[in-house]
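Encoded as C-alpha coordinates, the structure appears first; notes follow it.
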Amino acid sequence: MLSIAEIVADCISYSEEQNWFEYKDGWYEPDGIGEYISSLSNAAAMLGKEEGYLIWGIHNSTHELTDTKFNYHQDVKNEPLEHYLARNITPGIYFRFDEDMIDGKRVVVLRVPAAHTVPTAYKTVRYLRIGSSKVNLAKFPEREAELFRVLNTGLPNLVNTESRFTDLTFDQLFLYYDLHGIKLNKKSFKKNLELLTKDGKYNMLAQLLSDEPHIPIRFAVFSGKAKTSTMYTVREFGNMCLLMSLDKVLDFGDTINIPQADERDRKVERKEVMLFDKDAFHEAVINAFVHNMWVNGDAPMFTAYEDRIEIVSLGTLPPNQTKEGFFGGVSIPVNQKLSEILLQLHISEKSGRGVPRITAAYGEEAFQFKDNAISVTIPFARLNLWNSTYGNPQDNPQDNPQDNPQEDRQIADNVSVRIIEFCKEAHSIREIAKMLGYKDRKTVHKYLDPLLESGIVARTIPDKPNSRNQKYISISK
(Lines give C-alpha, C1' and ligand atoms only; values in the text may rest on other atoms or scores of the structure.)
Protein backbone atom coordinates (compact mmCIF):
# COMPACT_ATOMS: atom_id res chain seq x y z
CA MET A 1 0.00 0.00 0.00
CA LEU A 2 1.32 3.42 -0.98
CA SER A 3 2.10 5.94 1.74
CA ILE A 4 0.61 9.44 1.72
CA ALA A 5 3.94 10.85 0.55
CA GLU A 6 4.09 8.33 -2.32
CA ILE A 7 0.50 9.10 -3.35
CA VAL A 8 1.17 12.84 -3.36
CA ALA A 9 4.48 12.46 -5.25
CA ASP A 10 2.82 10.37 -7.94
CA CYS A 11 -0.18 12.65 -8.37
CA ILE A 12 1.78 15.89 -8.62
CA SER A 13 4.08 14.30 -11.21
CA TYR A 14 1.19 14.74 -13.65
CA SER A 15 0.84 18.16 -15.23
CA GLU A 16 -2.85 18.26 -14.30
CA GLU A 17 -5.50 16.29 -12.43
CA GLN A 18 -6.49 12.88 -13.77
CA ASN A 19 -9.86 11.14 -13.60
CA TRP A 20 -8.77 9.15 -10.55
CA PHE A 21 -7.65 12.01 -8.29
CA GLU A 22 -8.76 15.53 -7.36
CA TYR A 23 -7.14 18.37 -5.37
CA LYS A 24 -8.85 20.51 -2.73
CA ASP A 25 -7.67 22.93 -0.06
CA GLY A 26 -10.13 23.67 2.75
CA TRP A 27 -13.28 22.70 0.87
CA TYR A 28 -15.95 20.92 2.93
CA GLU A 29 -19.32 19.78 1.62
CA PRO A 30 -20.48 16.38 2.93
CA ASP A 31 -22.70 15.42 -0.01
CA GLY A 32 -20.09 16.70 -2.45
CA ILE A 33 -17.48 14.45 -0.80
CA GLY A 34 -19.92 11.53 -1.10
CA GLU A 35 -20.36 12.20 -4.80
CA TYR A 36 -16.57 12.27 -5.19
CA ILE A 37 -16.30 8.87 -3.48
CA SER A 38 -18.70 7.43 -6.06
CA SER A 39 -17.05 9.12 -9.05
CA LEU A 40 -13.46 8.36 -8.02
CA SER A 41 -14.30 4.74 -7.21
CA ASN A 42 -15.88 4.19 -10.62
CA ALA A 43 -13.17 6.09 -12.48
CA ALA A 44 -10.47 4.05 -10.76
CA ALA A 45 -12.19 0.86 -11.91
CA MET A 46 -12.42 2.14 -15.49
CA LEU A 47 -8.68 2.86 -15.48
CA GLY A 48 -7.58 -0.29 -13.67
CA LYS A 49 -6.41 1.62 -10.60
CA GLU A 50 -6.71 0.10 -7.14
CA GLU A 51 -7.71 3.42 -5.59
CA GLY A 52 -8.84 6.93 -6.38
CA TYR A 53 -7.89 9.95 -4.24
CA LEU A 54 -9.43 13.19 -3.01
CA ILE A 55 -6.50 15.22 -1.68
CA TRP A 56 -6.65 18.29 0.54
CA GLY A 57 -3.53 20.43 0.79
CA ILE A 58 -2.29 20.75 -2.80
CA HIS A 59 -2.90 23.80 -4.96
CA ASN A 60 -4.84 22.83 -8.08
CA SER A 61 -2.61 24.61 -10.63
CA THR A 62 0.77 25.19 -8.95
CA HIS A 63 0.86 21.81 -7.16
CA GLU A 64 2.35 23.54 -4.15
CA LEU A 65 1.55 22.28 -0.65
CA THR A 66 -0.96 24.60 1.07
CA ASP A 67 -0.97 23.21 4.65
CA THR A 68 -4.68 22.39 4.70
CA LYS A 69 -6.84 22.98 7.75
CA PHE A 70 -9.54 20.58 6.54
CA ASN A 71 -11.13 18.67 9.45
CA TYR A 72 -12.62 15.29 8.58
CA HIS A 73 -13.62 14.62 12.21
CA GLN A 74 -16.51 17.08 12.15
CA ASP A 75 -20.16 16.01 12.33
CA VAL A 76 -23.02 16.20 9.86
CA LYS A 77 -26.16 16.94 11.91
CA ASN A 78 -24.67 15.27 14.98
CA GLU A 79 -23.46 12.29 12.94
CA PRO A 80 -19.72 11.71 12.29
CA LEU A 81 -18.80 12.57 8.71
CA GLU A 82 -17.33 9.15 7.93
CA HIS A 83 -20.43 7.39 9.27
CA TYR A 84 -22.69 9.72 7.29
CA LEU A 85 -20.78 9.00 4.09
CA ALA A 86 -20.61 5.23 4.68
CA ARG A 87 -24.36 5.09 5.31
CA ASN A 88 -25.06 6.64 1.91
CA ILE A 89 -22.50 4.71 -0.16
CA THR A 90 -23.67 1.54 -1.93
CA PRO A 91 -22.31 -1.03 -2.07
CA GLY A 92 -20.30 -0.49 1.08
CA ILE A 93 -16.61 0.13 0.31
CA TYR A 94 -13.79 0.72 2.74
CA PHE A 95 -12.90 4.36 2.06
CA ARG A 96 -10.91 6.18 4.69
CA PHE A 97 -9.20 9.47 5.52
CA ASP A 98 -5.43 9.55 6.11
CA GLU A 99 -3.15 12.47 6.82
CA ASP A 100 0.55 13.22 7.04
CA MET A 101 3.02 16.09 7.20
CA ILE A 102 5.03 16.64 4.02
CA ASP A 103 7.77 19.27 4.14
CA GLY A 104 6.18 20.60 7.32
CA LYS A 105 2.74 21.01 5.76
CA ARG A 106 -0.40 19.00 6.46
CA VAL A 107 -1.95 16.89 3.70
CA VAL A 108 -5.19 14.88 4.00
CA VAL A 109 -6.00 12.09 1.54
CA LEU A 110 -9.35 10.35 1.16
CA ARG A 111 -8.49 6.90 -0.18
CA VAL A 112 -11.30 5.45 -2.29
CA PRO A 113 -11.16 1.78 -3.40
CA ALA A 114 -12.02 1.03 -7.02
CA ALA A 115 -15.49 -0.35 -7.67
CA HIS A 116 -15.88 -4.13 -7.88
CA THR A 117 -18.73 -6.15 -9.43
CA VAL A 118 -21.12 -3.17 -9.58
CA PRO A 119 -20.58 0.60 -9.78
CA THR A 120 -20.32 2.62 -6.57
CA ALA A 121 -23.26 4.94 -5.89
CA TYR A 122 -23.92 7.80 -3.47
CA LYS A 123 -27.54 8.18 -2.37
CA THR A 124 -28.49 5.71 -5.16
CA VAL A 125 -26.84 7.86 -7.87
CA ARG A 126 -23.79 6.54 -9.71
CA TYR A 127 -21.19 9.18 -10.53
CA LEU A 128 -18.12 9.19 -12.76
CA ARG A 129 -15.18 11.52 -13.31
CA ILE A 130 -14.89 12.92 -16.84
CA GLY A 131 -12.02 15.36 -17.12
CA SER A 132 -12.22 17.67 -14.14
CA SER A 133 -15.94 17.14 -13.56
CA LYS A 134 -17.99 14.55 -11.73
CA VAL A 135 -21.14 13.61 -13.63
CA ASN A 136 -24.24 11.48 -13.19
CA LEU A 137 -23.36 8.22 -14.95
CA ALA A 138 -26.96 7.66 -16.06
CA LYS A 139 -26.60 10.59 -18.45
CA PHE A 140 -23.73 8.81 -20.24
CA PRO A 141 -25.13 5.35 -21.16
CA GLU A 142 -22.13 4.33 -23.29
CA ARG A 143 -19.70 5.01 -20.45
CA GLU A 144 -22.03 3.23 -18.04
CA ALA A 145 -22.10 0.17 -20.32
CA GLU A 146 -18.30 0.26 -20.58
CA LEU A 147 -17.97 0.44 -16.79
CA PHE A 148 -20.21 -2.64 -16.38
CA ARG A 149 -18.16 -4.47 -19.02
CA VAL A 150 -14.92 -3.66 -17.19
CA LEU A 151 -16.39 -4.76 -13.87
CA ASN A 152 -17.62 -8.04 -15.41
CA THR A 153 -14.72 -9.02 -17.67
CA GLY A 154 -11.82 -6.76 -16.69
CA LEU A 155 -10.04 -4.04 -18.63
CA PRO A 156 -9.87 -4.63 -22.40
CA ASN A 157 -6.67 -6.43 -23.32
CA LEU A 158 -5.25 -8.37 -26.24
CA VAL A 159 -6.54 -11.70 -24.90
CA ASN A 160 -10.13 -10.84 -23.93
CA THR A 161 -10.83 -8.50 -26.88
CA GLU A 162 -12.18 -10.20 -30.00
CA SER A 163 -10.34 -9.78 -33.30
CA ARG A 164 -12.00 -7.64 -35.94
CA PHE A 165 -11.21 -10.32 -38.51
CA THR A 166 -11.86 -14.07 -38.63
CA ASP A 167 -9.89 -15.23 -41.69
CA LEU A 168 -6.46 -15.13 -40.03
CA THR A 169 -3.41 -17.11 -41.17
CA PHE A 170 -0.10 -17.54 -39.33
CA ASP A 171 2.55 -18.62 -41.83
CA GLN A 172 4.87 -15.73 -40.88
CA LEU A 173 4.48 -16.50 -37.17
CA PHE A 174 5.63 -20.09 -37.71
CA LEU A 175 8.55 -18.88 -39.85
CA TYR A 176 9.57 -16.32 -37.23
CA TYR A 177 9.59 -18.91 -34.45
CA ASP A 178 11.57 -21.29 -36.68
CA LEU A 179 14.20 -18.60 -37.29
CA HIS A 180 14.53 -18.26 -33.51
CA GLY A 181 14.98 -21.98 -33.03
CA ILE A 182 11.51 -22.70 -31.61
CA LYS A 183 9.01 -25.07 -33.19
CA LEU A 184 5.34 -24.17 -32.81
CA ASN A 185 2.84 -27.00 -32.58
CA LYS A 186 0.23 -26.47 -35.29
CA LYS A 187 -2.45 -28.16 -33.21
CA SER A 188 -1.89 -26.34 -29.93
CA PHE A 189 -0.20 -23.00 -30.78
CA LYS A 190 -3.47 -21.06 -30.55
CA LYS A 191 -4.01 -22.31 -27.01
CA ASN A 192 -0.36 -22.05 -25.95
CA LEU A 193 -0.04 -18.46 -27.20
CA GLU A 194 -3.56 -17.57 -25.95
CA LEU A 195 -4.84 -16.49 -29.36
CA LEU A 196 -8.49 -17.26 -28.58
CA THR A 197 -11.12 -15.61 -26.39
CA LYS A 198 -13.12 -17.63 -23.88
CA ASP A 199 -15.71 -18.07 -26.62
CA GLY A 200 -13.13 -19.72 -28.89
CA LYS A 201 -12.88 -16.77 -31.28
CA TYR A 202 -9.66 -15.12 -32.47
CA ASN A 203 -8.61 -12.29 -30.17
CA MET A 204 -6.61 -9.11 -30.83
CA LEU A 205 -3.34 -10.88 -30.04
CA ALA A 206 -4.10 -13.35 -32.83
CA GLN A 207 -4.87 -10.47 -35.17
CA LEU A 208 -1.53 -8.81 -34.39
CA LEU A 209 0.46 -12.02 -34.89
CA SER A 210 -1.34 -12.99 -38.08
CA ASP A 211 0.01 -12.52 -41.61
CA GLU A 212 -2.19 -9.43 -42.09
CA PRO A 213 -3.03 -7.55 -38.86
CA HIS A 214 -4.85 -4.73 -40.72
CA ILE A 215 -3.20 -2.10 -38.46
CA PRO A 216 -0.85 0.35 -40.26
CA ILE A 217 2.59 0.82 -38.69
CA ARG A 218 4.44 3.71 -40.30
CA PHE A 219 7.85 5.34 -40.01
CA ALA A 220 7.82 8.84 -41.51
CA VAL A 221 10.94 10.89 -42.30
CA PHE A 222 10.81 14.70 -42.55
CA SER A 223 13.50 17.07 -43.83
CA GLY A 224 13.05 19.70 -41.13
CA LYS A 225 12.23 19.91 -37.46
CA ALA A 226 8.43 19.73 -37.79
CA LYS A 227 5.76 17.97 -39.83
CA THR A 228 5.25 21.16 -41.83
CA SER A 229 8.58 20.46 -43.55
CA THR A 230 9.03 18.24 -46.61
CA MET A 231 8.40 14.57 -45.98
CA TYR A 232 11.10 12.44 -47.61
CA THR A 233 9.35 9.13 -47.21
CA VAL A 234 6.92 7.11 -45.15
CA ARG A 235 7.62 3.41 -44.77
CA GLU A 236 4.79 0.98 -44.12
CA PHE A 237 5.56 -1.96 -41.82
CA GLY A 238 2.08 -3.02 -40.74
CA ASN A 239 1.14 -5.53 -43.44
CA MET A 240 2.90 -8.44 -41.75
CA CYS A 241 3.11 -10.35 -38.46
CA LEU A 242 3.73 -7.89 -35.63
CA LEU A 243 7.01 -9.60 -34.71
CA MET A 244 8.34 -9.02 -38.21
CA SER A 245 7.05 -5.44 -38.13
CA LEU A 246 9.06 -4.85 -34.97
CA ASP A 247 12.22 -6.15 -36.67
CA LYS A 248 11.58 -3.94 -39.71
CA VAL A 249 11.15 -0.80 -37.61
CA LEU A 250 14.37 -1.54 -35.72
CA ASP A 251 16.23 -2.19 -38.97
CA PHE A 252 14.95 1.00 -40.59
CA GLY A 253 16.02 3.02 -37.57
CA ASP A 254 19.48 1.48 -37.85
CA THR A 255 19.74 2.64 -41.49
CA ILE A 256 19.10 6.20 -40.32
CA ASN A 257 21.79 5.86 -37.67
CA ILE A 258 24.67 6.66 -40.05
CA PRO A 259 28.12 6.82 -38.40
CA GLN A 260 29.71 10.25 -38.56
CA ALA A 261 33.45 10.35 -39.21
CA ASP A 262 34.94 12.86 -36.81
CA GLU A 263 38.12 14.26 -38.36
CA ARG A 264 38.43 17.05 -35.86
CA ASP A 265 41.66 16.96 -33.87
CA ARG A 266 42.50 13.70 -35.58
CA LYS A 267 46.04 12.46 -34.87
CA VAL A 268 46.16 8.75 -35.63
CA GLU A 269 42.79 7.04 -35.67
CA ARG A 270 39.60 8.53 -37.04
CA LYS A 271 36.68 8.45 -34.62
CA GLU A 272 33.17 7.48 -35.65
CA VAL A 273 30.25 9.05 -33.85
CA MET A 274 26.80 7.49 -34.27
CA LEU A 275 23.86 9.76 -34.92
CA PHE A 276 22.04 8.40 -31.87
CA ASP A 277 22.34 5.74 -29.17
CA LYS A 278 21.35 2.44 -30.79
CA ASP A 279 20.52 0.66 -27.52
CA ALA A 280 18.30 3.48 -26.32
CA PHE A 281 16.49 3.55 -29.66
CA HIS A 282 15.93 -0.22 -29.62
CA GLU A 283 14.58 -0.10 -26.06
CA ALA A 284 12.22 2.74 -26.95
CA VAL A 285 10.85 0.90 -29.99
CA ILE A 286 10.37 -2.39 -28.13
CA ASN A 287 8.68 -0.56 -25.24
CA ALA A 288 6.36 1.17 -27.71
CA PHE A 289 5.27 -2.20 -29.14
CA VAL A 290 4.85 -3.82 -25.71
CA HIS A 291 2.97 -0.94 -24.06
CA ASN A 292 0.87 0.38 -26.95
CA MET A 293 -2.93 0.18 -26.61
CA TRP A 294 -3.39 -2.16 -29.56
CA VAL A 295 -6.96 -3.01 -28.49
CA ASN A 296 -8.04 0.36 -29.90
CA GLY A 297 -6.81 -0.68 -33.35
CA ASP A 298 -4.03 1.93 -33.45
CA ALA A 299 -0.27 1.45 -33.72
CA PRO A 300 2.69 3.36 -32.26
CA MET A 301 3.95 6.26 -34.37
CA PHE A 302 7.57 6.63 -35.48
CA THR A 303 8.80 9.92 -36.93
CA ALA A 304 12.31 11.06 -37.85
CA TYR A 305 13.11 14.76 -38.15
CA GLU A 306 16.28 16.65 -38.94
CA ASP A 307 17.36 16.62 -35.31
CA ARG A 308 15.54 13.71 -33.61
CA ILE A 309 13.36 10.62 -33.73
CA GLU A 310 10.04 10.66 -31.90
CA ILE A 311 8.40 7.40 -30.81
CA VAL A 312 4.81 7.65 -29.59
CA SER A 313 2.90 4.75 -28.02
CA LEU A 314 -0.81 5.23 -27.46
CA GLY A 315 -2.19 4.86 -23.96
CA THR A 316 -0.93 5.88 -20.54
CA LEU A 317 1.03 4.20 -17.78
CA PRO A 318 -0.33 0.73 -16.97
CA PRO A 319 -2.58 0.31 -13.93
CA ASN A 320 -0.73 0.28 -10.61
CA GLN A 321 2.34 1.85 -12.21
CA THR A 322 3.68 5.17 -10.95
CA LYS A 323 6.08 7.55 -12.64
CA GLU A 324 8.59 6.89 -9.89
CA GLY A 325 8.34 3.16 -10.54
CA PHE A 326 8.45 3.73 -14.30
CA PHE A 327 11.73 5.65 -14.16
CA GLY A 328 13.05 3.31 -11.49
CA GLY A 329 12.81 0.34 -13.85
CA VAL A 330 9.72 -1.38 -12.40
CA SER A 331 8.38 -3.41 -15.33
CA ILE A 332 4.57 -3.57 -15.59
CA PRO A 333 3.65 -4.27 -19.24
CA VAL A 334 0.34 -3.11 -20.64
CA ASN A 335 0.13 -6.17 -22.88
CA GLN A 336 1.20 -9.02 -20.61
CA LYS A 337 0.94 -11.91 -23.10
CA LEU A 338 2.72 -9.99 -25.87
CA SER A 339 5.48 -9.21 -23.38
CA GLU A 340 5.77 -12.91 -22.55
CA ILE A 341 6.10 -13.80 -26.25
CA LEU A 342 8.90 -11.26 -26.73
CA LEU A 343 10.64 -12.70 -23.68
CA GLN A 344 10.27 -16.23 -25.06
CA LEU A 345 11.88 -15.12 -28.34
CA HIS A 346 14.65 -13.22 -26.49
CA ILE A 347 13.59 -9.96 -28.15
CA SER A 348 13.19 -8.30 -24.78
CA GLU A 349 14.04 -9.06 -21.19
CA LYS A 350 11.92 -8.35 -18.15
CA SER A 351 14.83 -6.84 -16.25
CA GLY A 352 13.48 -3.31 -16.06
CA ARG A 353 16.57 -1.94 -17.80
CA GLY A 354 14.76 -0.44 -20.77
CA VAL A 355 13.66 2.92 -19.37
CA PRO A 356 16.82 3.41 -17.22
CA ARG A 357 18.91 2.74 -20.35
CA ILE A 358 17.04 5.48 -22.23
CA THR A 359 17.25 7.95 -19.33
CA ALA A 360 20.96 7.20 -18.90
CA ALA A 361 21.50 8.32 -22.49
CA TYR A 362 19.03 11.20 -22.72
CA GLY A 363 17.59 11.93 -19.27
CA GLU A 364 14.03 11.71 -17.99
CA GLU A 365 13.17 14.69 -20.19
CA ALA A 366 13.27 12.30 -23.17
CA PHE A 367 9.82 11.10 -22.02
CA GLN A 368 6.64 13.12 -22.31
CA PHE A 369 3.40 11.90 -20.74
CA LYS A 370 0.21 13.03 -22.43
CA ASP A 371 -3.45 12.33 -21.72
CA ASN A 372 -3.57 9.44 -24.18
CA ALA A 373 0.03 8.73 -25.16
CA ILE A 374 3.65 8.47 -24.03
CA SER A 375 6.34 9.82 -26.33
CA VAL A 376 10.10 9.28 -26.33
CA THR A 377 12.47 11.67 -28.09
CA ILE A 378 15.81 10.34 -29.32
CA PRO A 379 17.91 13.43 -30.20
CA PHE A 380 20.55 13.33 -32.93
CA ALA A 381 24.17 13.99 -31.99
CA ARG A 382 25.04 15.76 -35.23
CA LEU A 383 28.66 16.92 -35.49
CA ASN A 384 27.68 19.62 -38.01
CA LEU A 385 30.75 18.69 -40.04
CA TRP A 386 29.45 20.39 -43.15
CA ASN A 387 29.37 23.89 -41.72
CA SER A 388 32.58 23.51 -39.70
CA THR A 389 34.52 22.19 -42.69
CA TYR A 390 33.00 23.84 -45.74
CA GLY A 391 30.69 26.57 -44.52
CA ASN A 392 27.12 26.77 -45.84
CA PRO A 393 27.13 25.67 -49.51
CA GLN A 394 24.11 27.81 -50.23
CA ASP A 395 25.98 30.90 -49.10
CA ASN A 396 29.36 29.88 -50.50
CA PRO A 397 28.82 28.07 -53.81
CA GLN A 398 32.46 28.50 -54.73
CA ASP A 399 33.45 26.36 -51.70
CA ASN A 400 32.20 23.29 -53.51
CA PRO A 401 32.84 20.06 -51.63
CA GLN A 402 33.81 18.33 -54.90
CA ASP A 403 36.83 20.65 -55.02
CA ASN A 404 37.91 19.76 -51.50
CA PRO A 405 40.04 16.59 -51.35
CA GLN A 406 39.32 16.20 -47.62
CA GLU A 407 35.57 15.69 -48.07
CA ASP A 408 34.16 13.52 -45.34
CA ARG A 409 32.56 10.26 -46.46
CA GLN A 410 29.76 10.72 -43.95
CA ILE A 411 28.51 13.82 -45.81
CA ALA A 412 28.36 11.88 -49.06
CA ASP A 413 26.44 9.08 -47.38
CA ASN A 414 23.94 11.49 -45.84
CA VAL A 415 23.35 13.31 -49.14
CA SER A 416 22.95 10.03 -51.02
CA VAL A 417 20.34 8.79 -48.54
CA ARG A 418 18.43 12.06 -48.87
CA ILE A 419 18.41 11.78 -52.68
CA ILE A 420 17.22 8.16 -52.57
CA GLU A 421 14.38 8.97 -50.19
CA PHE A 422 13.39 12.16 -52.04
CA CYS A 423 13.29 10.34 -55.37
CA LYS A 424 10.76 7.76 -54.23
CA GLU A 425 8.72 10.00 -56.51
CA ALA A 426 10.32 11.29 -59.73
CA HIS A 427 12.01 14.69 -59.45
CA SER A 428 14.05 16.91 -61.75
CA ILE A 429 17.66 17.93 -61.09
CA ARG A 430 16.41 21.39 -60.18
CA GLU A 431 14.02 19.95 -57.57
CA ILE A 432 16.74 17.73 -56.12
CA ALA A 433 19.13 20.70 -55.88
CA LYS A 434 16.47 22.78 -54.13
CA MET A 435 15.76 19.95 -51.66
CA LEU A 436 19.48 19.66 -50.84
CA GLY A 437 19.95 23.42 -50.62
CA TYR A 438 22.44 23.62 -53.52
CA LYS A 439 22.52 26.24 -56.26
CA ASP A 440 25.14 24.33 -58.22
CA ARG A 441 23.89 21.33 -60.25
CA LYS A 442 27.44 19.99 -60.57
CA THR A 443 27.43 19.36 -56.83
CA VAL A 444 24.18 17.41 -57.13
CA HIS A 445 25.64 15.28 -59.93
CA LYS A 446 28.62 14.41 -57.71
CA TYR A 447 26.23 12.47 -55.51
CA LEU A 448 23.59 11.55 -58.08
CA ASP A 449 25.84 10.02 -60.75
CA PRO A 450 27.16 7.15 -58.53
CA LEU A 451 23.57 6.30 -57.67
CA LEU A 452 22.72 6.18 -61.40
CA GLU A 453 25.74 3.99 -62.13
CA SER A 454 24.80 1.55 -59.37
CA GLY A 455 21.19 1.35 -60.51
CA ILE A 456 19.80 2.68 -57.23
CA VAL A 457 18.37 5.70 -59.08
CA ALA A 458 17.24 5.72 -62.72
CA ARG A 459 16.35 8.32 -65.34
CA THR A 460 12.70 8.52 -66.37
CA ILE A 461 13.84 9.17 -69.98
CA PRO A 462 16.83 6.82 -70.21
CA ASP A 463 17.38 7.15 -73.98
CA LYS A 464 17.68 10.95 -73.72
CA PRO A 465 19.86 11.63 -70.65
CA ASN A 466 20.09 15.37 -71.40
CA SER A 467 16.38 15.89 -71.98
CA ARG A 468 15.01 19.08 -70.47
CA ASN A 469 12.13 16.94 -69.09
CA GLN A 470 14.47 14.46 -67.45
CA LYS A 471 13.62 13.30 -63.96
CA TYR A 472 15.13 10.80 -61.56
CA ILE A 473 13.44 8.06 -59.53
CA SER A 474 14.67 5.56 -56.94
CA ILE A 475 14.51 1.90 -57.92
CA SER A 476 13.42 -0.62 -55.26
CA LYS A 477 15.72 -3.63 -54.92
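The values are calculated or read from the model by the stated rules, or taken from the named source; none is laboratory data. All values reported here derive from a predicted model rather than from experimental measurement. Cβ placement follows ideal geometry from the backbone for every residue including glycine, while neighbour counts extend to all protein chains displayed. Areas reflect the complete protein model, heavy atoms only, side chains present, ligands, DNA and RNA absent. Shrake-Rupley method; radii C 1.70, N 1.55, O 1.52, S 1.80 Å.
For the reader, a short list of remarks on this structure follows.
- Inverse of mean 1/r across different Cα pairs in segment 83-180, Kirkwood, Å: 17.8
- The chain - mean residue ellipticity at 222 nm from DSSP helices (-39,500 (n - 2.57) per run, n ≥ 4, rounded to 500): -10000 deg cm²/dmol
- Protection-proxy order for peptides 220-232, 32-44, each taking the mean of Cβ atoms within 10 Å per residue, highest first: 32-44, 220-232
- If you sort Glu51, Glu272 by accessible surface, 1.4 Å probe, largest first, the order is Glu272, Glu51.
- By average C-beta atoms within 10 angstrom, highest first, the peptides 173-184, 73-84, 106-117: 106-117, 173-184, 73-84
- Zone residues, segment 34-77, relative to Thr124, backbone N less than 20 Å from point 7 Å out along Cα-to-Cβ: 34-39
- Percent accessible area from carbon and sulfur atoms, the chain, protein chains only, probe 1.4 Å: 48
- For segment 19-37 and segment 178-222, distance of Cα centres in Å: 45
- Taking 0.36 nm per residue of sequence separation and removing the Cα-Cα distance, the Asp98/Lys191 pair yields an extension gain of 28.9 nm.
- Whether segment 48-128 is rounded, prolate or oblate, judged on the alpha carbon gyration tensor where a/c under 1.5 counts as rounded: oblate
- Pairwise label distance in nanometres, Lys225 with Asn60, each label 7 Å out on the Cα-Cβ vector: 3.6
- Shape call, segment 249-382: gyration tensor on alpha carbons, a/c limit 1.5: prolate
- Where the alpha-carbon atoms of the chain are placed on the principal axes, they occupy 96, 59, 44 Å, in descending order.
- At R0 = 41 Å, FRET efficiency that the Cβ-Cβ distance of Lys198 and Asp251 yields, to 0.05: 0.65
- Accessible area expressed per residue, the chain, with surrounding protein chains retained (probe 1.4 Å, Å²): 51
- Using the average count of surrounding beta-carbon atoms within 10 Å as a protection proxy, the listed peptides 424-433, 327-336 rank, highest first, as 327-336, 424-433.
- Segment Glu29-Glu212, length gained on full extension (0.36 nm per residue, minus Cα span): 60.4 nm
- For segment 1-143, a/c is not less than 1.5, where a ≥ b ≥ c are the root eigenvalues of the C-alpha gyration tensor, and a/b does not top b/c. That puts it in the oblate class.
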